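To start, the structure itself, in structure tokens.
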């Protein structure tokens, strides 16, 4: 008999310590069970995997890696945040996890590789899930713990290679449609990342290039296999929320809306932005939302004209507007809510004019958001209101086209998806999508500095200057979270008041 190949020897050694675990699902984290029940949660994860594999097709294999740890300072990491695609498909929130979906395999189609037990590491950093616990958390029965990547490497060598003689355990990949696709030169090895960095959405973090490089290396090594990206597949699946996801997201947004009310109550002249932030985040955590969906924006006075102001260090003054963009993450799902209100609890005439215009723009966006509508339709509806309403305020003049002047004060789009990420995948507003509508106006004197240094630009600056001085440093954004139903959008964040009389009844009522 010929000597075993090195990878086979490594596999035998790894499988001696890493056995396939098949366990019946049991309650997950008995002290913190899934919202809606374990059975519903596991069924939802299984549905995510089934739909993703159906879209991939039998000629494709998808590999999804866990997110890396991120350094906070020296030898201290940030609190771990899992890759959203891996959460969507497995629910596993543990480092050094790899998922392989092989819909065209004749047998084992879903396999997960996890970190093996390590008593020393667990002493310092906490419990590592056992294979049985991985199964109970994810519903996946084919689980292989490993100290490095030995089991994963062996498995992929078998899956992408041709010789199955003598394979056992994790290395056994019975011939199926994927094997036939390899023979025909049609097999695809996919990653969740964009293969072309130029095609990556500039608003998204860059992909892990080592994973992209690995996919290309495997495709070059094995005959009949080409590299591919499953980004479009995952985006399409994640955009439409299942009934279970809708249930959890409704609860998540409800907590966030209630927290916004607590922030309103805490706002008063002389208090600090961080006090409002503390009131919001305390409420969320006390009601089971253990993380914020994104860093809270609590921006008073001129800070409200910075879209992503994060410091929360300014003392609020009488006469300030306070813009608060904050929402919690409940069981990994997050909404997005922004409210703007006067610190002293009473809108001035100028603040009211700006606020009511933003509110009208949001109402127009909501009216345009019908099942199947485009994001462009919502954007156009909001911008049309601004184009009409900014003119009598002096923030649009006849000296230049209205659209470009609207963009001076409204520099962002009003819609994006919500879910596992605060900017979740979203295309059309189809039934089952969850999204925000968030028009805003930000009157920054510096916006005039960007006008062309030409006679026409100088004339436009001079014409706009009086209104800019009048509304100087006012930032107003109104943002709500929605679920699209067959009857139209449902506002999930309605518990947070957005109309002026309702706001004025709440602000500053906590003493």
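Laboratory data are not the source of any read-out in this text; all were calculated from the coordinates shown. What you are looking at is a predicted structure, and each value in this text was computed from that prediction instead of being measured. Cβ coordinates were reconstructed from backbone atoms using ideal geometry, including for glycine residues, and neighbour counts include every protein chain displayed.
Output the peptides 307-314, 138-145 sorted from most to least packed, where packing is the average of other Cβ atoms within 10 Å over each peptide's residues.
Highest to lowest by the protection proxy: 138-145, 307-314.
Need one number: % antiparallel among DSSP beta bridges in the chain, to the nearest 5.
75 percent
Whole number please: convex hull volume per residue of the Cα set in the stretch 242-504, in Å³?
Spread over its residues, the Cα hull of the stretch 242-504 gives 114 Å³ apiece.
Quick one: 399, 441, fewest Cβ neighbours within 10 Å first, how do they rank?
Lowest count first: 399, 441.
With 10 angstrom as the radius, rank 256, 84, 66 by how many other C-beta atoms surround their C-beta, starting from the fewest.
84, 66, 256
Just grab the label-to-label distance for residue 50 and residue 147, each label 7 Å out from Cα along the Cβ direction, in nm (one decimal).
4.0 nm
So how much slack lies between residue 448 and residue 412, counting 0.36 nm per residue of separation and subtracting their Cα-Cα distance, in nm?
Extending this stretch completely gives an extra 11.3 nm.
If I take R0 = 56 Å and measure r between the Cβ atoms of residue 130 and residue 317 in this structure, what FRET efficiency does the formula 1/(1 + (r/R0)^6) give, to the nearest 0.05?
So the FRET efficiency works out to roughly 0.50.
Could you list log10 I(q)/I(0) for the stretch 310-425 at q = 0.14, 0.16 Å⁻¹, which the Debye formula gives when each Cα is one point scatterer?
Debye curve over Cα of the stretch 310-425, log10 I(q)/I(0) at q = 0.14, 0.16 Å⁻¹: -0.76, -0.96.
How high is the relative contact order of the stretch 242-504, in percent, counting Cα pairs under 8 Å that sit 6 or more residues apart?
Relative contact order for the stretch 242-504 comes out at 23 percent.
If we sort 411-420, 121-130, 466-475 on the protection proxy, mean other Cβ atoms within 10 Å, highest first, what's the order?
Those peptides, ordered most packed to least, come out 411-420, 466-475, 121-130.
Kindly put 404, 73, 60, 252 in sequence by how many other C-beta atoms sit within 10 Å of each C-beta, fewest to most.
With the fewest neighbours first, 404, 73, 60, 252 line up as 73, 404, 60, 252.
Can you check how the C-alpha radius of gyration of the chain compares to 2.2 N^0.38 Å, as a plain ratio?
1.12
Please report the relative contact order for the chain, taking Cα pairs under 8 Å with a sequence separation of at least 6, and give it as a percent rounded to a whole number.
So the answer I get is 13 percent.
Put a dot 7 Å past each Cα toward the Cβ at residue 401 and residue 286; how far apart are the dots in nm?
Going by the 7 Å Cα→Cβ label model, 5.2 nm.
Quote the Stokes-Einstein diffusion coefficient, in whole µm² s⁻¹, for the stretch 448-497, based on the Kirkwood radius over alpha carbon pairs, a temperature of 20 °C and a viscosity of 1.002 mPa s.
Here the translational diffusion coefficient equals 147 µm²/s.
Quick check: pseudo-label points 7 Å beyond the Cα along Cα→Cβ at residue 121 and residue 95, how many nm apart are they?
For residue 121 paired with residue 95, the spin-label model returns 0.8 nm.
With r as the distance between the Cβ atoms of residue 427 and residue 456 and R0 = 30 Å, compute the FRET efficiency 1/(1 + (r/R0)^6) and round to 0.05.
For residue 456 and residue 427, the calculated efficiency is 0.20.
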